[in-house]
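Chemist: A single structure is presented below for examination.
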Amino acid sequence: LLAFAIDAAWERYAALEEEREILFGLRTEFVDSGTELEGWVEMNRIKASLVERALAQPDDLPDAAVDSLISSLPYVNVIDRGGGPVDALFSSGRLELIQDLALREALARWPDRTEDLHTNDLSIRSFVWETMLPFMARFGVPDGRCVSPDIYCVHESGLPQSYRTLLQDPEFRALLTFQLIALPIVAEDMEQARLTTEEFVTRIDAHLGT
C-alpha cells in the first residue's frame, strides 16, 4: 500500500509540474500576442483616422499626411493562428492537465477567436491587394519600398505626383469609404482579443501564485 501511495504521490507531483510548465509557456505566448495585437490595434486606428481625414478634407491634407495614408494602405496585418504553446497544447491532447476549469474552457474557445480574426484579416488583405492596389497602380508605382515598413514609412524617393489626385477620384474615395467601414471593426475585434490575452495572463498568474 505504501508503494502505491508513493507512486500516486509522484504521479500527482509530475502532473502538477507538467501543468506549471504548460502554463508558463501559455503565459509567454499570451503576453507576446497581447503586445502584437496592441500594435495592430494602433495601426488600424491610425489608418482609419487618416482615411477619415482624407475623405472629409481632401483639399486640406498636407503632403506628409497623403504620403502616410497612401503608403500605409498596402500593409495589412494577418494574425498568426498557431505554432506556439497554445497550438502544442491542443495537438498533444494535454488540455485536461489544466486544473482551472474556467481557464480550460476559455482556452478551448481561443482557437475559434483567432480563426475569426485571421479570416477577417484575409478578407481585408484580399480587398486591398486585389482591388485597391490595382486601382492605385493606374496612377503610378512608388520607386522601391521601405526597409522596415510601418504606417508612417515613405520611401525616400517619395510617391508619384499623380497620387496627389487620388483623393479627388470618386472611385478611390469609394474604396476609402469601404476601408473606413472595415478598419474600426477590425481594430475593435483585435482590441477585444487583446483584452482576452490580458485575462489569460491574469488567470494564469493567479493559478501559479505569481
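The values are calculated or read from the model by the stated rules, or taken from the named source; none is laboratory data. Model, not experiment: these values are computed from the prediction. Cβ coordinates were reconstructed from backbone atoms using ideal geometry, including for glycine residues, and neighbour counts include every protein chain displayed. For accessibility, only protein heavy atoms count, side chains too; no ligands or nucleic acids. Shrake-Rupley method; radii C 1.70, N 1.55, O 1.52, S 1.80 Å.
Chemist: What number results when the radius of gyration of the range 79-120, computed over Cα atoms, is divided by 2.2 N^0.38 Å?
Modeler: 1.19
Chemist: Put Met43, Met132 in order of accessible area, largest first, 1.4 Å probe: what do you get?
Modeler: Heavy-atom accessible area, descending, gives Met43, Met132.
Chemist: Give the accessible surface of the range 64-126 per residue, rounded to a whole number of Å², with probe radius 1.4 Å and ligands, DNA and RNA excluded.
Modeler: 47 Å²
Chemist: Follow-up question, since we're still on this one. Grab the other residues whose beta carbon is less than 13 angstrom from that of Ile22, score K and R as +1, D and E as -1, and report the net.
Modeler: Neighbourhood net charge equals -4.
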